[in-house]
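The values are calculated or read from the model by the stated rules, or taken from the named source; none is laboratory data. If you're wondering where the values come from, they're calculated on a predicted model, not measured in any experiment. Cβ coordinates were reconstructed from backbone atoms using ideal geometry, including for glycine residues, and neighbour counts include every protein chain displayed. Heads up: the accessible areas ignore ligands, DNA and RNA and are worked out on the full protein's heavy atoms, side chains in. Shrake-Rupley method; radii C 1.70, N 1.55, O 1.52, S 1.80 Å.
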Amino acid sequence: MTVVGVDGCKAGWIAVRRDPGAAPSAAVFASFAALLDALPADATVAVDMPIGLPDLSQKGGRGPEALVRPLLGNRQSSVFAIPSRAALYAHTDGFTTIEAWHVAHRQASEVAKATSDPPRGVSIQAFGIFAKIREIDAVLIARPELRRRVFESHPEVAFCRLNDDQAMRLPKKIKGAVNPAGMAERKALLCRHGYIRGFLDRPPPRGAAADDFLDAAAMMLIAGRIASGEARPFPDPPLADRFGIPVAIWA
């Protein structure tokens with residue numbers, strides 16, 4: 001079975017793919033739908049993006065976030081709470097100016113506060129991926145059959161599970177810049193799970209950053225664990241949103 005790990009990137013989505021009997025490959029796609037259309041019908045996909053949106057956001061997130069944070073020690077801040085569906089869809093237009101972007105962020109925060117208990121706004125980091133969350137959400141609403149093939153994961157949870165449930169010691173980034181020591185720690189772990197170092201050391205495809213590439217590589221291993229029945233969902237069994245989309249972080 002083809003297994004694919006996916007992460008969002010500047011140009012859209014980076015996918016690390018392994019077909020039966022073949023070496024892994026990497027490519028960037030402009031849209032999540034285009035990525036899925038390029039795959040075999042039975043491919044298993046693990047993606048670093050929230051899947052399944054709450055109508056009311058509660059303390060700690062949708063449920064999966066609160067379960068995986070204790071696993072991560074100093075890395076737990078990488079798992080942030082997802083606001084309500086209404087906040088995610090408060091603005092769906094593109095932004096032509098930074099001022100418009102900030103206005104939209106403030107308005108989404110107000111909607112988030114009105115649909116959360118206790119009231120909570122939207123972080124800049126979370127707002128920055130709203131469009132990508134909506135992209136996956138729209139695909140899974142329109143094509144329910146994909147819910148058996150497309151699974152949410154999280155890189156730091158993936159690295160932890162692949163490392164015998166020990167969180168990574170070093171951060172991938174420090175103050176927004178890639179941390180070479182943290183990247184090397186993760187590459188060494190990925191190599192223990194079958195990757196060739198030369199593949200991980202190559203420049204990422206155009207439009208993706210080095211950490212996006214590494215995260216997608218980890219996601220591919222989780223897709224393999226899901227396909228083989230080794231992966232565990234948090235929570236187990238998964239929850240579901242009002243569209244019936246499963247809500248769980250797999251690793």
Problem - Dipole moment magnitude, nearest 20 debye, the stretch 48-95 about Cα centre, only Lys, Arg, Asp, Glu C-beta charged - result: 220 debye
Handout entry: Gain in span if fully extended, Thr92 to Val178, counting 0.36 nm per residue against the direct Cα distance
Key = 27.9 nm
Exercise for the section: Report, to the nearest whole %, how much of the accessible area of the chain belongs to carbon and sulfur atoms, 1.4 Å probe, protein only. Expected result: 54 percent
Completion exercise
Tilt, helix 98-114 to longest principal axis of the chain (alpha-carbon atoms), in degrees rounded to tens, equals 70 degrees
Problem - Length-normalised contact order of the stretch 51-102 in % [C-alpha pairs under 8 Å, at least 6 apart] - result: 40 percent
Exercise for the section: Determine the relative contact order of the chain: mean sequence separation of Cα pairs under 8 Å and six or more apart, normalised by residue count, in whole percent. Expected result: 30 percent
Exercise for the section: Give me the percent of Cα-Cα pairs in the stretch 212-251 that sit more than 13 Å apart, rounded to a whole number. Expected result: 58 percent
Handout entry: Rg/Rg_ref, the chain, where Rg_ref = 2.2 N^0.38 Å and atoms are Cα
Key = 0.97
Handout entry: Diffusion coefficient, µm² s⁻¹, Stokes-Einstein with Kirkwood Rh over alpha-carbon pairs of the stretch 1-71 at 37 °C and 0.692 mPa s
Key = 234 µm²/s
Handout entry: Intensity falloff of the stretch 122-242 expressed as log10 I(q)/I(0), Debye formula with alpha-carbon point scatterers, at q = 0.10, 0.13 Å⁻¹
Key = -0.37, -0.63
Fill in the blank from the handout: Between the residues Pro119, Leu170, Cys160, the Cα farthest towards the positive end of the dipole of the chain, that dipole coming from +1 and -1 charges on the beta-carbon of Lys, Arg, Asp and Glu, is from Leu170
Practice task
Evaluate the charge dipole of the stretch 31-173 about its Cα centre and quote only its size in Debye, nearest 20, assuming +1 on the Cβ of each Lys and Arg and -1 on the Cβ of each Asp and Glu.
Solution key: 340 debye
Problem - Antiparallel DSSP beta bridges within the chain, percent to nearest 5 - result: 65 percent
Practice task
Give me the lysines in straight-line cross-link reach of Lys175: C-alpha distance below 24 Å, same-chain residues under 8 apart excluded.
Solution key: Lys10, Lys132, Lys187
Fill in the blank from the handout: Once the in-chain neighbours fewer than 8 apart are removed, the lysines whose Cα is under 21 Å from Lys59 read Lys113
Handout entry: Cα-centred dipole magnitude for the chain, charges only on beta-carbon of K, R (+1) and D, E (-1), debye, nearest 20
Key = 440 debye
Exercise for the section: Mind grabbing the accessible area of Trp250 for me, 1.4 Å probe, Å², rounded to tens? Expected result: 50 Å²
Completion exercise
The helix 180-192 Cα axis meets the longest alpha-carbon principal axis of the chain at an angle in degrees, between 0 and 90 and rounded to 10, of 60 degrees
